[in-house]
1. Around Glu5, which amide H atoms from residues at least 5 apart in sequence, or from another chain, sit under 5 Å from its own amide H, with H modelled in the peptide plane?
2. Report the relative contact order of region 94-188, percent, no decimals, based on alpha-carbon pairs under 8 angstrom and at least 6 residues apart.
3. Evaluate the distance, in nm, between pseudo-label points positioned 7 Å from the Cα of Glu62 and of Asp28 along their respective Cα→Cβ axes.
4. With the other protein chains left in place, how much accessible area per residue, in square angstrom, belongs to region 1-148 at a 1.4 angstrom probe?
5. In the chain, what is the volume of the convex hull around the alpha carbon atoms, normalised per residue and reported in Å³?
6. Over region 88-193, with every protein chain in place, what whole percent of the accessible area is carbon and sulfur at 1.4 Å, could you tell me?
7. Could you sort Asp137, Asp51 by their accessible area in this structure, using a 1.4 Å probe and putting the largest first?
8. Ordering Arg194, Arg140 from largest to smallest accessible area (1.4 angstrom probe), what's the sequence?
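The values are calculated or read from the model by the stated rules, or taken from the named source; none is laboratory data. Here the structure is a predicted model, which is why all the values come from computation and not from measurement. In this analysis, Cβ positions are derived from the backbone assuming ideal geometry, glycine residues included, and neighbour counts consider all displayed protein chains. For accessibility, only protein heavy atoms count, side chains too; no ligands or nucleic acids. Shrake-Rupley method; radii C 1.70, N 1.55, O 1.52, S 1.80 Å.
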Amino acid sequence: MKKYELNAKGLACPIPVVKTKKLLEEYDTVETTVDNFTATQNLTKLAEQLDYNIDVKTVSEEEYVVTISAKEESKKAEKTSQAEDDSYIVVINKQIMGYGSEELGKKLMKAFLYTLTEQKVLPKKVIFYNGGALLVDKTRSHVLEELKELEDNGVEIMCCGACIDYYNVELALGNPSNMYFIVEEMRNTNKVVRP
């Protein structure tokens, strides 16, 4: 069994995930040391995406060891399955919908998200980045009710981690992600909807 120990402390998101994924192409097990909890969540998502085993050990608040290994029954390649024809994701990069009046744009975004909750086929995920990250903030969002409804109905809410840091977002719901996973989600889905 080939194993690699990667020290990813101090590396910005999504570099620990990208380096770990590349190493998993060559090694059966990769033990990645990171310095923040968000990185452990992102590495866990990678393991789930690859259908690999995952073990996370907390050494301290500034050191975590994440071990990802191929399952015994098979060394599966990266999943490349396409979404079903009617599946889609939604990506939102600002607080308002459209251009022009900010007041109207906020109302349109609220209406868009409400209408989304009423669709027969819900999106698999709603991904927020840049100014859109403020829509998942506990105090600055005007659409939490609609987003909670989506989440309660199985829609995964994701927000760019760098954007969370930049805007000092306190997540009301959903999970942090990173540009690696945002690109992967957009690349692997049949349809991407942008309001």
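1. Glu31
2. Numbers: 130 pairs, mean separation 24.6, N = 95.
Once normalised by length, the contact order is 26 percent.
3. Each label point lies 7 Å from its Cα, and together they span 3.6 nm.
4. Working: 8400 Å² over 148 residues.
It amounts to 57 Å² per residue over region 1-148.
5. Values: hull volume 24.6 nm³, N = 195.
Convex hull of Cα atoms, per residue: 126 Å³.
6. The value for region 88-193 is 51 percent carbon and sulfur by accessible area.
7. Working: Asp137 5, Asp51 40 Å².
Ranking Asp137, Asp51 by accessible area, largest first, yields Asp51, Asp137.
8. Working: Arg194 145, Arg140 100 Å².
Most to least solvent-accessible, the answer reads Arg194, Arg140.
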